[in-house]
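S.K.: Just passing along the structure, written as structure tokens.
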Amino acid sequence: MGQCLRQPMLWEDLEEYQALTFLTRNEILCIHDTFLKLCPSAKYYKDATLTVDQVSSLPALRVNPFRDRICSVFSHDGLFSFEDVLGMASVFSEQACPSLKIEYAFRIYDFNENGFIDEEDLRSIVFRLLNTDDVSEDLLTGLTSHVLRESDLDDDHMLSFSEFEHAMAKSPDFMSSFRIHFWGC
């Protein structure tokens, strides 16, 4: 794989990207530079795409236990356009608003994509956070039961988006923990 054509970003494009994201000009330019290094040769960056493997190999994602879900939520058919990458970086930026972060966290944690965070999703979250499949059934059941007891307001054994949103709004460390500095910017 070579690099994208080394054409500079147009000033108008930079201003538009800044207006549409929570990213600074310098962050956008840094992401652009990294994107150029990763994308196929002889392609203009707006026409190029990166694979999930390329994006998930970035240092900040490589160590994230949810990298496959993050990539699934932000990519289209397993490919990332430059705008997809900017959107992902924007959601995980420090400046992104809480409601946007909560919306994407819900989508990432909804492993089975059924529109709820259910017991199956909670088990997957626990396995990934603990970074092991060797969790006792008692501990797993206890953790999922605790989350549901605290957050499942309608007692249906799963979290709707509004229940998840309510729980995250009460979590003081959610905003600071739902950040990724992808590009070293």
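The values are calculated or read from the model by the stated rules, or taken from the named source; none is laboratory data. Remember, it's a predicted structure, so these values are computed and weren't measured experimentally. Here Cβ is always computed from backbone atoms with ideal geometry, including for glycine, and neighbour counts include all displayed protein chains. For the accessible areas, the whole protein counts, side chains as well, though only heavy atoms, and no ligand, DNA or RNA atoms are used. Shrake-Rupley method; radii C 1.70, N 1.55, O 1.52, S 1.80 Å.
S.K.: Would you point out the residue of segment 162-171, among those that are touching a strand residue (DSSP E or B) at 6+ places or on another chain (Cβ under 9 Å) and among the hydrophobic types (A, V, I, L, M, F, W, C), that is modelled with the highest pLDDT?
M.R.: F164
S.K.: I need a count of the residues in segment 35-45 that are assigned to a loop (DSSP other than H, G, I, E, B) and open to solvent by 20 Å² or more (accessible area, probe 1.4 Å). First the steps, then the outcome.
M.R.: We begin by selecting, within segment 35-45, every residue assigned to a loop (DSSP other than H, G, I, E, B); these are 39-45.
Filter once more, so that each one left must be open to solvent by 20 Å² or more (accessible area, probe 1.4 Å): 40-44.
Of the residues in that region, 5 qualify.
S.K.: When you check D110 against the structure, is it more than 17 Å from V52 (Cα to Cα), surrounded by 14 or more Cβ atoms within 10 Å (Cβ to Cβ) and without any contact (Cβ under 8 Å) to a residue 24 or more places away in the chain, yes or no?
M.R.: yes
S.K.: Could you pull out the residue among V73, V52, V63 that is closer than 30 Å to T132 by Cβ, aliphatic (A, V, I, L, M) and open to solvent by 80 Å² or more (accessible area, probe 1.4 Å)?
M.R.: From the options V73, V52, V63, the qualifying one is V63.
S.K.: Are any residues in segment 120-178 exposed (fewer than 12 other Cβ atoms within 10 Å of the Cβ), of a type in the set (D, E, K, R) and under 19 Å from the mean Cα position of the chain (by Cα), and if so, which ones?
M.R.: D173
Residue by residue, here is whether (1) in a helix (DSSP H, G or I); (2) in contact with a Lys or Arg (Cβ under 7 Å, 6 or more places away or on another chain); (3) more than 21 Å from F111 (Cα to Cα) holds:
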position	(1), (2), (3)
M9	no, no, yes
D13	yes, no, yes
Q18	yes, yes, yes
I28	yes, no, yes
D33	yes, no, yes
D47	no, no, yes
L61	yes, yes, no
I70	yes, no, no
S90	yes, no, yes
